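Structure first, then comments.
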Amino acid sequence: MTNEQNIHTNANDYRDLCYFAGDVLKGKTTDLPSGYSVIAKEYNKKTNFKAVAYQKENDVVLCFVGTDKFSMQDHRTNLKMATSTEPTAQMKDANNFYDKFKDKYKNIKVIGHSEGGSEAVYVGLKRNIKTVTFNAYGLNKNLEKSIGNEHADELVTNYRDPLDPVSKLRPLVGKTYIVKSNKKFAEKINPFGMISAHKISNFGDCNNAQPIEEYKKKHAFIDNVSEAEITDKDIAKMPTDLYELYDAEISDRLSKGKIMREQDAQNATLNGDLIKVSSYTREDGTQVDGYYRRKANT
C-alpha cells in the first residue's frame, strides 16, 4: 500500500469518526472504527462548540463537529468566517481543546466536517499538526496568513464531494481530493450543488479519491463559485436551502450589478466574453445542468 493509499484508508476512519461524533456527544452507544475509543468530549453551550477526542493506540484524533442547522450561533459563526480576519469563538475553543492534549500525547491529528473542518484547519495551521477535513468551508485569506499557511500542503488534506455547495464558497488550503458519493441524490442536479451532498452521512469511499486537478480534467464541475456567473435563471432554479446558502454571495453580486439576465449571458457567450459549460451526465445517470463561467483573467 502506497503512502497515498494509506492516507485515504485512514480518511475513511476519520469520516466515520466525524459521523459518529454527534451521537457521542449525546451519550449514545456507537460502533466506532476498529481500535478507536472516546477519551474526552466537550460542548460549549455559549459558542455551540462541539468536539470529541478519540484514541487508537498511541494516536489521538480531535474531531470538531460541523454546523448545527438549528443553531443560530453556528450560522452567525459561518457568516463571520466569510468576512472576518479574526478567529471565531469556536476556533478559539478548538485551539483550547487541543491544549488539553498536547503535553500528554505526541501523535495528534485534527479532523472536522463542514464548519468543524474550518476549525480543524485553523488549529492545524496554527499548531503545525496534520489535519483532515470533509466538505469544509475555507478560512478567510487574511486569517490564513496571520496564522501561517506556508506549510498547508504538508499539513492539510481536504476531501470534497463534487456536488457539495459549501466547499465551493471559499478556496481551501492544502491538498484536495474529490470523493463521489455512492448515493444518487436526484435525476437532475443544480451545477451549484445540493445540500444533501454536504452531509457527512452521504460521503463516499475515500479509497476512490481523486486529486482535484485530475478530476477537473474530465468533469466540468464548479470548483469555486467565484469562477461561475450567476444568472437570474440560476437563482430561479435554486431550491430554497441552496439559495439560503448562497444568499450572501448573491446579495453581494446584486449590490454590484453582477447578476446577469439569462439572455445577456447568452449574448455574452456569442460575443466570446463568457463560456457556456455544457450539462453532463454522471456515471449514475443523473444530469448536472450547465452554467456560465468567465474566461481566464477576465
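The values are calculated or read from the model by the stated rules, or taken from the named source; none is laboratory data. Bear in mind that the values here come from a model prediction, so they are computed numbers and not experimental data. Note that we place each Cβ from the backbone using ideal geometry, even for glycine, and neighbour counts take in every protein chain shown.
Data table
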quantity	calculated
Test: residue in region 53-62 that is of a type outside the set (A, V, I, L, M) and closer than 20 Å to G204 by Cα	no
Residue, farthest from L139 (Cα to Cα), within region 39-64, restricted to residues that are modelled with pLDDT of 95 or more and β-branched (V, I, T)	I39
Filter result (touching a residue at least 60 places away in the same chain (Cβ under 8 Å) and either among the hydrophobic types (A, V, I, L, M, F, W, C) or surrounded by fewer than 11 Cβ atoms within 10 Å (Cβ to Cβ) (or both)) within region 267-282	V277
Restricting region 6-53 to residues that are of a type in the set (V, I, T) and assigned to a strand (DSSP E or B), the residue that is surrounded by the fewest Cβ atoms within 10 Å (Cβ to Cβ)	I39
Single residue of region 267-287 satisfying the filter (assigned to a helix (DSSP H, G or I) and polar (S, T, N, Q)) that is nearest to V225 (Cα to Cα)	T269
Complete set of residues in region 285-298 that are closer than 26 Å to S181 by Cα and either in contact with a helix residue (DSSP H, G or I) (Cβ under 6 Å, 6 or more places away or on another chain) or surrounded by 12 or more Cβ atoms within 10 Å (Cβ to Cβ) (or both)	T286, Q287, V288, D289, G290, Y291, Y292, R293
Residues being on the phi > 0 side of the Ramachandran plot and crowded, with 24+ Cβ neighbours inside 10 Å - total across region 125-162	1
Options K102, K92: the member that is at pLDDT 95 or above, more than 16 Å from the chain's Cα centre (by Cα) and assigned to a loop (DSSP other than H, G, I, E, B)	K102
Residue list for region 112-157, filter: under 18 Å from V61 (Cβ atoms), among the aliphatic types (A, V, I, L, M) and free of Cβ contacts under 8 Å to residues at least 40 places away in the same chain	I129, A136, L155, V156
Total residues in region 105-132, condition part of a loop (DSSP other than H, G, I, E, B) and in contact with a Leu (Cβ under 8 Å, 6 or more places away or on another chain)	3
Qualifying residue in region 65-84 (condition: at pLDDT 90 or above and either on the phi > 0 side of the Ramachandran plot or of a type in the set (A, V, I, L, M) (or both))	yes
Checking P162 against (1) touching a strand residue (DSSP E or B) at 6+ places or on another chain (Cβ under 6 Å); (2) outside any loop (DSSP other than H, G, I, E, B), the condition it does not meet	(2)
